[in-house]
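J.: Pasting a structure here, questions to come.
Bear in mind these aren't lab numbers, they're just calculated from the coordinates by the rules spelled out. What you are looking at is a predicted structure, and each value in this text was computed from that prediction instead of being measured. Ideal geometry is used to build each Cβ from the backbone, glycine not excepted, and the neighbour counts take in all protein chains shown.
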Amino acid sequence: MNHTPQFKVVLIFLLISLALISKATPVIYVNQVAFDARGSKMAVIRNDVKLNGTIAFTLVSSSGKASFAGTLKGPFQINEWAQGVFFYQADFSSFVQTGKYRLSVSISGKKYLSDEFEVSENALAVNTIPSIINYYNTQRANTPTELDVDKAVILYGSTKTADVRGGWCDASGDVSKYFSHLAYANYMSPQQIPLVTWSMVNAVQTVPGLLNKLGAYDNMVNEALWGGDYIMRSLSKEGYFYMTVFSYFSKDPKARRIVGLRANSVTTDEYQCAFREGGGIGIAALARISTLKKDGEYKSGEYLDAAKRAFAHLLINNTKYDDDGKENIIDDYCALMAATELWIATDSSFYHDEARKRAQNIEKRMSPEGYFISDDGNRPFWHASDAGLPIIALSRYLSKENNTTDRTAALTVIKKALDYNLRITKEVSNPFGYARQTFRLNNQVKDGFFIPHENETGWWWQGENARLGSLATAALVGGRLVYPEKGGWGVKKDLAAYASDQISWILGGNPYSICFMYQFGKNNVPYMSSSFGHGSGKGGISNGVTGKEGKPDGSGIDFKTKDNGNEWRWTEQWLPHAAWFLQAITAMAQPE
């Protein structure tokens, strides 16, 4: 019998769900794409009964040859996810031979094989960077319809218009364009289009040789300039950036408005970006792109001049744009990025001083436990997409800071934060190595795998693949400063394993065996379409796994492909996921 592709997708996910929640044969969970030869490498095996004795595993090459042998570690249990089930780890980090492999394990006299994966030098970057660039290229808001209406988008609550052509559609189901959103919630604003742009320039400047080898250097530069040009057009005459070009999820392109957003798509005229609302990273992206000495639709010097003007404006007006009128840690790390990039681009002591102030603010927000505090009180900093950004901002600042006292203070905080990340992740049985976090719910500080569903937004929670990419990046970029080691990725083994585990989770090494990078690996989420021909793209990354729906504290585990229109929480591609993934694999490929 011939089945439609849609039927096959439903059948696959039905089988995946059954495999997670019911008695089943052993399952091997593994990164379905590639492992870097220099990095940590691990698979997880699930069995419904406890295994007796020592269990061996082997890596089998595509020619059928046994290439490596090891023994399983365990058992581990996560009863919050799968009651009464046993998990085991297969660690093959020491294996470096280039090739394509499957992991083989014999249980109760029967052999089981994993999905195929590659091992090679810089395998993740080599395999995925061209597709990531292409994903962003196809997400450009550059259809004739979009370019036409975006020449003159109305500013909400007025008759004024602005030319905001360009940029990228935010998600596979949303053609709106965001510097940030969730601003009204104060503590959850993610960095969107500016983060993508900065991530691309970071790759160009960190791994230019690899990009040239892949024939991807010029494409990455051009895509970064596309982002830079949109940031330029979004800079108002007054000196602030427009936060959101909102589609209202309408098929009518003329419905678009420049807006501020509250819950449930309620729009306002509060569209001015504070540092934490995309303004800081917008400045950082423009300042950094100016150092490429390349022209897009604007001259290289114009990017820098715009960054200076926007920074000067926010120094005076930032708290006016912050929804609660107070700065918090997100303002600090975004302003630190802005000041640092301006300092690097200009070598001006003015920006050095501003960067130092922001670094000191972040350092003061470090708790005795090792997590950051978001506010001037006791709210733990947790973030669904940018959790690693405080460490990355401090690390970028330290790339230029030479003062011994300032360096020591920043390095001490980076070390405490990374120690905390490792400690909290290892505090419970955690065979997948999923990055855990600390949050406050009902005035109680709690630790968990996933973000709390009951939070300041009133409605927003989703899969956290961007958060995982940001923490993997922080482990490597920050780790090289405080825990450097020769070989591997240049960090101690615990940090390398932590970074690898987050990326492996995204690429299929998770309890649903889903590779969230579209058209990579064996199992993907279903295609999602959007207006003007946009939709899911190869190299884009979906939101991912969450805590159980209905659990305020984000406990349990959930992944759905159908949920009465709310399946976007798990299946929708979103710009920050691929941006953070790009940063992580750039860090992995960075030459020693």
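J.: If contacts are Cα pairs under 8 angstrom and at least 6 residues apart, what is the relative contact order of the chain in percent?
T.: Numbers: 1293 pairs, mean separation 94.3, N = 592.
The normalised contact order for the chain reaches 16 percent.
J.: Limiting things to C-alpha atoms, what are the Rg and the maximum Cα-Cα separation (Dmax) for the chain, in angstroms?
T.: My reading of the Cα-based Rg and Dmax gives 23.1, 75 Å.
J.: If I take every Cα pair under 8 Å that is 6 or more residues apart in segment 153-226, average their sequence separation and divide by the length, what percent do I get for the relative contact order? Working shown, then result.
T.: Values: 60 pairs, mean separation 15.1, N = 74.
Relative contact order comes out at 20 percent.
J.: How much length is gained if the chain between Ser349 and Glu116 is pulled fully straight, taking 0.36 nm per residue apart and subtracting their Cα-Cα distance, in nm to one decimal?
T.: Working: separation 233, 0.36 × 233 = 83.88 nm, distance 5.27 nm.
Gain on stretching Ser349 to Glu116: 78.6 nm.
J.: Assigning unit charges at the beta carbon (Lys, Arg +1; Asp, Glu -1) and nothing else, what dipole magnitude in debye, to the nearest 20, does the chain show about its Cα centre? Don't jump to the answer; show the numbers that get you there.
T.: Numbers: 62 positive and 59 negative charges, 271 e Å.
Value, rounded to 20: 1300 debye.
J.: Which one, Gly377, Tyr298, Phe350, is farthest towards the positive end of the dipole of segment 234-381 when Lys and Arg carry +1 and Asp and Glu -1 on their Cβ?
T.: Looking along the dipole axis, the top candidate is Tyr298.
J.: Sort 129-136, 283-290 for me by packing, meaning the mean count of neighbouring Cβ atoms within 10 Å per residue, highest on top.
T.: The peptides rank, most packed first, as 283-290, 129-136.
J.: Separate question: Please give the peptides 28-36, 438-446, 118-126, 478-486 ranked by average Cβ packing (other Cβ atoms within 10 Å per residue), highest first, as a rough proxy for protection. Spell out each step's value before the answer.
T.: On the way: 28-36: 24.8, 438-446: 13.7, 118-126: 21.0, 478-486: 18.2.
Top of the packing list down: 28-36, 118-126, 478-486, 438-446.
J.: Any chance you could check the Cα centroid distance between segment 507-569 and segment 379-451 for me, in angstrom?
T.: That distance is 25 Å.
J.: Assuming R0 = 35 Å, what is the FRET efficiency of Ser61 and Ser529, from their Cβ-Cβ distance, to the nearest 0.05? Before the final figure, lay out the partial values.
T.: Numbers: r = 39 Å, r/R0 = 1.12.
FRET efficiency, Ser61 to Ser529: 0.35.
J.: Between Gln444 and Ser429, what is 0.36 nm times their sequence separation minus the Cα-Cα distance? Round to one decimal in nm. Walk me through the numbers before you get to the answer.
T.: Working: separation 15, 0.36 × 15 = 5.40 nm, distance 2.23 nm.
Extra length from Gln444 to Ser429 when fully extended: 3.2 nm.
J.: Taking the number of other C-beta atoms within 10 Å as the exposure measure, put Asp170, Asp229 in order starting with the fewest.
T.: On the way: Asp170 27, Asp229 19.
With the fewest neighbours first, Asp170, Asp229 line up as Asp229, Asp170.
J.: Sorted by mean Cβ packing within 10 Å, highest first, what order do the peptides 559-567, 423-431 take? The partial results should precede the final answer.
T.: On the way: 559-567: 13.7, 423-431: 15.8.
In decreasing order of mean packing, 559-567, 423-431 become 423-431, 559-567.
J.: Then there's this: Quick one: length gained pulling Val266 to Lys326 fully straight, 0.36 nm per residue minus the C-alpha distance?
T.: Details: separation 60, 0.36 × 60 = 21.60 nm, distance 2.24 nm.
Stretched fully, the Val266-Lys326 segment lengthens by 19.4 nm.
J.: Reachable aspartates and glutamates from Lys522, Cα under 15 Å, same-chain residues fewer than 8 places away excluded?
T.: Asp115, Glu116, Glu118
J.: For segment 25-120, taking Cα atoms only, what is the radius of gyration to one decimal and the Dmax to the nearest whole Å?
T.: 13.2, 40
J.: So how do Thr206, Thr473, Thr54 line up by other beta-carbon neighbours within 10 Å, fewest first? Don't skip to the end; give the middle numbers.
T.: Values: Thr206 17, Thr473 29, Thr54 7.
The most exposed by this proxy come first: Thr54, Thr206, Thr473.
J.: Still on this model: Considering Cα pairs under 8 angstrom that are at least six residues apart, work out the relative contact order of segment 467-568 and quote it in whole percent.
T.: Numbers: 122 pairs, mean separation 15.3, N = 102.
Averaging sequence separation for qualifying contacts and normalising by length gives 15 percent for segment 467-568.
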